[in-house]
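Notes follow the structure.
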Amino acid sequence: MMPDDPPDDPPDDPPDDHVDPAGLAGLTVVVARPLAQAGPLVSLLQARGARTIVMPLIEVFDHASPDQIAAAIAPLTADDWVIVASVHAAERVSSPLAESPAKIAAIGMTTAGSLPRVHLVPPVQSAAGLLQMFPAAPPASTPGRVLVAQALGGEPTLVDGTTALGWRTARIDTHISRSVVPSARQQLSVLQADVVVFTSGSQARAWVEVFGVSTPAVIATIGPQTARNAETCGLKVDVIAADHSLSGVVAAIQGFVKP
């Protein structure tokens, strides 16, 4: 399985009082997020007049057991960190973290909202953005510890980056994503749409597993890392949001199709 790219859960943005209610009128936009996460992006698109089709192409399952997660967190002290890469990971580590003195970093605001407390959320909500703000390990005979909670097969960016900062870093793979195959009728309606939005590389890879490189006319991604994953799969990305958020990708779509 190819690696996943965090975050799978960009921030759920507040309503924009200055939205053009007809900015995307007449367009049909496919949202490839899981059903439980699709609502905020659907609302932002519909607020600009778009018709939306929610087409979840991945399902998320547990990988590490609750006991394994608890055992990984239990030894951590107040000098140690847990980095949580996605809301799926947050849902699985939240309970043991409530009992842990460790500091917590989250890549996205939605992820942060699923945790008992958060000490660090980067303004640029990506693994690279977090590493830019993450502290170097304090001088000590035994380096402090970092535990990275992310998807099985996730990129090693956080592990490698914190290790380079002097931390003893371990990783726990909390969950795994698997593809969902829609019906033939669903596939036809999706391919007749105008735009498809990917908010994670795993969505783009799942798309190619189902549709190959056949897509609506416009492919939009929430940021450059997701775009790279999509292009690695053979897709041609037309829109890359400069602001790596849900509202950012919606605004980027409007700027592309109705400049």
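Report, to one decimal in Å, the Kirkwood hydrodynamic radius for the chain based on all distinct Cα pairs.
So the Kirkwood estimate lands at 18.8 Å.
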Most to least accessible of 55, 133 (protein chains only, probe 1.4 Å) = 133, 55
Pop a pseudo-label 7 angstrom from the Cα along the beta-carbon direction at both residue 74 and residue 228 and give the gap in nm to one decimal.
-> 3.8
Roughly how many percent of the accessible protein surface of the stretch 213-259 is carbon and sulfur, given a 1.4 Å probe and a whole-percent answer?
-> 56
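What does the accessible area per residue of the stretch 144-259 come to in Å², with a 1.4 Å probe and no ligands, DNA or RNA counted?
Numbers: 4650 Å² over 116 residues.
It amounts to 40 Å² per residue over the stretch 144-259.
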Cα-derived Rg to Rh of the stretch 79-139, Kirkwood definition | 0.95
Exposed trypsin sites (Lys or Arg not before Pro) absent - longest run of the chain, DSSP non-H/G/I/E/B, at most 13 other C-beta within 10 Å = 118-235
In the chain, what % of DSSP beta bridges are antiparallel (nearest 5)?
-> 15
What value does the stretch 147-259 have for Rg/Rh, both radii from Cα atoms and Rh as Kirkwood defines it?
-> 1.05
Would you calculate, for the chain, the mean residue ellipticity at 222 nm contributed by helices, counting each DSSP H stretch of 4 or more residues as -39,500 (n - 2.57) and dividing by all residues, to the nearest 500?
-> -10500 deg cm²/dmol
With the Cα gyration tensor of the stretch 59-105 in hand, convert its eigenvalues to equivalent ellipsoid semi-axes via √(5λ) and list them largest first in whole Å.
-> 19, 12, 8
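Considering Cα pairs under 8 angstrom that are at least six residues apart, work out the relative contact order of the stretch 78-202 and quote it in whole percent. Show your work: numbers first, answer last.
On the way: 191 pairs, mean separation 28.0, N = 125.
It rounds to 22 percent for the stretch 78-202.
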Let a ≥ b ≥ c be the square roots of the eigenvalues of the Cα gyration tensor of the stretch 116-192; is it rounded (a/c under 1.5), or, if not, prolate (a/b larger than b/c) or oblate?
-> prolate
Where the stretch 87-138 is the region considered: accessible area per residue in Å², 1.4 Å probe | 41
Kindly state, to the nearest 0.05, the FRET efficiency for residue 59 paired with residue 132, given R0 = 25 Å and r defined as their beta-carbon distance.
-> 0.15
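Counting only protein heavy atoms and using a 1.4 Å probe, what share of the accessible area of the stretch 105-174 belongs to carbon plus sulfur, as a whole percent?
The value for the stretch 105-174 is 60 percent carbon and sulfur by accessible area.
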What is the magnitude of the charge dipole of the stretch 79-205 about its Cα centre, with +1 placed on the Cβ of each Lys and Arg, -1 on the Cβ of each Asp and Glu, and no other charges, expressed in debye to the nearest 20?
-> 160
Of 210, 30, which has the most accessible area with a 1.4 Å probe, and how do the rest follow in descending order?
-> 210, 30
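The values are calculated or read from the model by the stated rules, or taken from the named source; none is laboratory data. Because the structure is a prediction, the values reported are computed rather than measured. Note that each Cβ is placed from the backbone with ideal geometry, even for glycine, and that neighbours are counted across all protein chains shown. With ligands, DNA and RNA removed, areas are computed over all heavy atoms of the protein, side chains included. Shrake-Rupley method; radii C 1.70, N 1.55, O 1.52, S 1.80 Å.
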